[in-house]
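Scroll down for the structure; my scribbles are underneath it.
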Amino acid sequence: MAPTPSPRPAPPGEPHVLGVHLYAEREGRVLLGLRHPSSAFAGGSHHFLAGHCEREPAVGCLVREAWEEAGLVIDPAGVELVHVVHVVDGPGRLPRVQMVFRADRFEGTPVVREPDTCLSWGWWPPDALPEPVVPYTRAAVEGILAGRRYTELGWS
């Protein structure tokens, strides 16, 4: 089947931001952080442990962010890409490719290491996420539960 053209394509040469996100589960619950109210992104909302790639491989970025944000040690050999969200968060915003990785092996208990961006970490049933939650976080969790690998948001 031929792909359906996007109703609002990005201008030629427009960069995309690459984000990485951790889908960590313990006892059937997924790890989400409550963003600080004055955070530059999604203040007061729940979100994956996440970050932007800084001229580094995506899995390396995930490992770095997990340590920096929550003190978790991730074994890169146990990381699997489980969902991708291609999103535009609003008019004039850069498109973003959000890669969500499941880490089968990680050590540590999440602790707040960046209190200016995250107030707390908690484990939530994937079918009963807290409110408010970042829309593409919810879309990714729902996609993972349904066995889908890809979601588009904000393009129409």
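Going through 71, 78 one at a time, which residue ends up being free of Cβ contacts under 8 Å to residues at least 40 places away in the same chain and in contact with a Lys or Arg (Cβ under 8 Å, 6 or more places away or on another chain)? The conditions single out 78.
State all residues of segment 14-33 that are among the charged types (D, E, K, R) and either in contact with a strand residue (DSSP E or B) (Cβ under 6 Å, 6 or more places away or on another chain) or exposed (fewer than 13 other Cβ atoms within 10 Å of the Cβ) (or both); if no residue qualifies, say none. Working first, answer last.
Initially, segment 14-33 is screened for residues among the charged types (D, E, K, R), giving 14, 25-27, 29.
14, 26, 27, 29 - these are the residues of segment 14-33 that are among the charged types (D, E, K, R) and either in contact with a strand residue (DSSP E or B) (Cβ under 6 Å, 6 or more places away or on another chain) or exposed (fewer than 13 other Cβ atoms within 10 Å of the Cβ) (or both).
Residue selection: residue 96 satisfies the criterion of being open to solvent by 40 Å² or more (accessible area, probe 1.4 Å), among the charged types (D, E, K, R) and on the phi < 0 side of the Ramachandran plot. Among the residues of segment 92-110, those that are touching a residue at least 60 places away in the same chain (Cβ under 8 Å) and within 15 Å of residue 22 (Cβ to Cβ) comprise 98, 99, 100, 101, 102, 103, 106, 110.
This table checks each residue for (1) closer than 18 Å to residue 16 by Cβ; (2) loosely packed, with under 14 Cβ neighbours inside 10 Å; (3) over 15 Å from the mean Cα position of the chain (by Cα).
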position	(1), (2), (3)
50	yes, no, no
58	yes, no, no
90	yes, yes, yes
112	no, no, yes
115	no, yes, yes
118	no, no, no
121	no, no, no
141	no, no, no
151	yes, no, no
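The values are calculated or read from the model by the stated rules, or taken from the named source; none is laboratory data. Just so it is clear, the model here is predicted, and its values are computed rather than measured. With ideal geometry, Cβ positions are generated from the backbone for all residues, glycine too; neighbour counts draw on all protein chains shown. Side chains included, ligands, DNA and RNA excluded: accessible areas come from the protein's heavy atoms. Shrake-Rupley method; radii C 1.70, N 1.55, O 1.52, S 1.80 Å.
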